[in-house]
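Laboratory data are not the source of any read-out in this text; all were calculated from the coordinates shown. Please read all numbers here as calculations on a predicted model, not as lab measurements. Glycine gets a Cβ as well: all are built from the backbone with ideal geometry, and neighbour counts include every protein chain shown.
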Amino acid sequence: MSKIIKIILIVAVIALLGFVSFYFINQKSDTSSGDTPSVETASSTSFISTLLSLNKIKIDPTLFKNPFFLKLQDNTVSVKNESGVVGRTNPFAQIEVQSTSSSEILLPQINTNLNVESKNINPAVN
């Protein structure tokens, strides 16, 4: 055989051995993937690491004695639900509309009975 054919055969055999070994190495790593931690374990590990990083935070207690902190006010507004209507059980469900004729479009009814006292805020109209 000529030298060129020998070189081509040697290169082809080396390439074939390389592909076969690459295939078997990847196949072994796929079967060992059962040893990897599950998603739940990964998320709990992430949660624990975040929790441990929070332990490193130090807050100066003199902050709570600062006059500016003491002047802060709570502006929470309490909303009373006197009507007992909470809302739709599924806010993403389609709104069913009944129509009596094809040319008439009926919109869903909105409860406008809010029991809110109307206050005259315009001092000129007393």
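The packing ranking of peptides 74-85, 45-56, highest mean first, is 45-56, 74-85, where packing means the average number of other beta carbon atoms within 10 angstrom of each residue. Per-residue 3J(HN,Hα) values for the range 74-79, derived from phi via the Karplus relation 6.51 cos²θ - 1.76 cosθ + 1.60 with θ = phi - 60°, read 8, 9, 5, 10, 8, 9 Hz in sequence order (x marks Gly and Pro).
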